[in-house]
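The values are calculated or read from the model by the stated rules, or taken from the named source; none is laboratory data. What you are looking at is a predicted structure, and each value in this text was computed from that prediction instead of being measured. FYI the Cβ positions are ideal-geometry reconstructions off the backbone, even for glycines, and counts take in every protein chain you see. Side chains included, ligands, DNA and RNA excluded: accessible areas come from the protein's heavy atoms. Shrake-Rupley method; radii C 1.70, N 1.55, O 1.52, S 1.80 Å.
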Amino acid sequence: MASITFDRIDKIYPNNFEAIHQLSLDVEDGEFLVLVGPSGCGKSTALRMVAGLEEISSGVLQIGDRVVNDVEPKKRDIAMVFQNYALYPQMTVRENIGFALKMAKMPKQEISRLVEDTARMLELTEQLDKKPGLLSGGQRQRVAMGRAIVRKPVAFLMDEPLSNLDAKLRVQMRAEISRLQRQLGVTTIYVTHDQVEAMTMGDRVAVLKDGYLQQIDTPQNLYDRPVNVFVAAFIGSPSMNLYEAELRGDRLQLGSHQLALPQSSFERRPALQGYNGRRVVVGVRPEDLEDASHAAATASGATITSKVELTESLGSEIVAHFKLDATRVDPGNPDAADDISGSAVARFDPRSSCRAGEAVDIAVTVDNFHFFDIDDHTAIWD
Ligand code: ATP
């Protein structure tokens, strides 16, 4: 096992496109680190540099104590799992899993033992003599995992390994990969564009945008203390609602709505005082908007009345879209679905009787609002 350290890494492709800018991060020994961000942000490039499949333009990459910038891929002692599994179709599962060991000229008996142990761990024993064409997507995924595990590498690198699976299987494999990683304790870098995967699997999550590292933190800290508008909107589903607003003393003018900010908002974010009389970006998580007839009595008491445009009942909650006459702020995520313009998204209690087309009183937990600078979109904290 080993740590992986990026020290001011740049990647400039031969066409002069700079895909990674001054990336510095430490993946600790045994850690599960997720690299997440929208398409084209440079996640695969970063991973491929660790694997040795992409040259490093500048900076230092270390695996354990060893600088590996110029070390050949096969001498880096890492295993990679790809989205397309990259299995050999003409070989059986047994041969696929044991292939790297055979190449390393390991004795046959030893290979056999390791392959069978690995297959047992992945519940693939019954499939050992089948070819990949006869396996389900989930089983193929597990064979790909098996090939990585059997070599006992110092690190696993995984590039969107679940994206070819259907939604249900993805959830199942997500849990399985997390379990295996914990059991084996092997340092892992996992690339995905899916923030739910990032949040549920990573010990820590690194958010990238346009080749720049935005924030690296535990999933909960990313959610609670996003450093900027981009991270705030990227993490969480449905996304945080973002609007322009104006701060006037302890009042927030949000479109035509005036909301009183509790003292605790200023205590938690001392820098907010400096924004008196100025425009800010305000972020409202959908769970901080509730149908007032179902809101807890402890809520701060602020309500707004608005017309519901659309409701989506998920059983455990109702996702309600409603009009809010404030100016929305674009978080700059090219992957984000186009939202209904000028609308807000709320997560209502499933017992809410709100109907599309009808007005509803919405209780607003103002205390949980997020605030960002309107010019550079950084979070306003200390
Ligand atoms: P995706 O989720 O779509 O795979 P990604 O975040 O993994 O995206 P990369 O594949 O790392 O992104 O690509 C980062 C950027 O570098 C993209 O803008 C891409 O077009 C560019 N890029 C990738 N490979 C090359 C190359 N060989 N030459 C030039 N530009 C490249």
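For the chain, a crude dipole built from +1 on the beta carbon of Lys and Arg and -1 on the beta carbon of Asp and Glu, taken about the Cα centre, is about 1460 debye to the nearest 20. Within segment 239-373, the proportion of Cα pairs with more than 22 Å between them is 36 percent.
Translational D (Stokes-Einstein, µm²/s) of segment 178-312 at 10 °C and 1.306 mPa s when Rh comes from the Kirkwood sum over C-alpha pairs? In µm²/s, the coefficient is 90. Our summary gives the chain a relative contact order of 16 percent, counting only alpha carbon pairs under 8 angstrom and 6 or more residues apart. For segment 144-246, the spread of Cα positions along the three principal axes, ordered from largest to smallest, is 58, 28, 23 Å. Here each label is just a point 7 Å from Cα along the line to Cβ, and for Glu116 and Ser353 those points are 6.6 nm apart. Each of Gly357, Val284, Leu261 was placed along the dipole of segment 239-373 (beta-carbon charges, centred on the mean Cα), and the one lying farthest toward the positive end is Leu261.
What share of Cα pairs, in percent, lie more than 38 angstrom apart in the chain? Show your work: numbers first, answer last.
Values: 23086 of 72771 pairs.
Taking all Cα-Cα pairs of the chain, the fraction more than 38 Å apart is 32 percent.
Bridging of Lys74 to lysines at a Cα separation below 18 Å is possible for Lys102, Lys105, Lys152, once same-chain residues fewer than 8 apart are set aside.
Between segment 83-124 and segment 139-158, how far is it from one alpha carbon centroid to the other, in angstrom? The two parts, judged by their Cα centres, are 10 Å apart.
Please give the per residue accessible area of segment 4-232, computed with a probe of 1.4 Å over protein heavy atoms only, in Å². Mind dumping the intermediate values first?
Values: 10680 Å² over 229 residues.
Here the residues of segment 4-232 average 47 Å² of exposed surface.
Of all aspartates and glutamates in the structure, the ones whose alpha carbon falls short of 16 Å from that of Lys209, not counting any fewer than 8 places away in one chain, are Asp10, Glu18, Asp194, Asp217, Asp330, Asp335, Asp376.
Show me 37-49, 20-32 ranked by packing, highest mean number of other Cβ atoms within 10 Å first. Before the final figure, lay out the partial values.
Numbers: 37-49: 21.3, 20-32: 18.4.
Sorting 37-49, 20-32 by mean packing, highest first, produces 37-49, 20-32.
Under 5 Å between amide hydrogens, built in the peptide plane, is the criterion, and for Glu309 it picks out His321, Phe322, Lys323, Gly357 among residues at least 5 positions away or on other chains. Backbone phi angles across segment 3-10, fed through the Karplus curve with coefficients 6.51, -1.76 and 1.60 (θ = phi - 60°), yield HN-Hα couplings of 7, 10, 10, 9, 10, 6, 8, 10 Hz in residue order; Gly and Pro are listed as x.
Per residue, how many Å² of accessible area does segment 239-373 show with a 1.4 Å probe?
On the way: 6350 Å² over 135 residues.
Roughly 47 Å² per residue, with all protein chains present.
For segment 4-232, the convex hull drawn through the C-alpha positions has a volume of 128 cubic angstrom per residue. Take the Cα of Asp77, go 7 Å toward its beta carbon, and the backbone nitrogen atoms of segment 127-152 under 14 Å from that spot belong to 151-152. In this structure, the amide hydrogen of Asn228, modeled 1.01 Å from its nitrogen in the peptide plane, lies closer than 5 angstrom to those of Ala379, counting only residues at least 5 positions away or on a different chain. The fraction of Cα-Cα pairs per 10 angstrom bin, counted from 0 for segment 2-92, comes to 15, 48, 29, 8, 1 percent, rounded to whole percents. With respect to the chain, whose longest principal axis is taken over its alpha-carbon atoms, helix 167-184 is tilted by about 60°. For the chain, carbon and sulfur atoms together expose 47% of the accessible surface, with a 1.4 angstrom probe and every protein chain in place. Think of each Lys and Arg Cβ as +1 and each Asp and Glu Cβ as -1; about the Cα centre, that makes the dipole of segment 4-232 roughly 840 debye. Here segment 19-42 and segment 307-382 have alpha carbon centers that stand 29 Å from each other. With the simple spin-label model, which puts each label point 7 Å out from Cα in the Cβ direction, the Ala336 to Asp382 separation comes to 2.8 nm.
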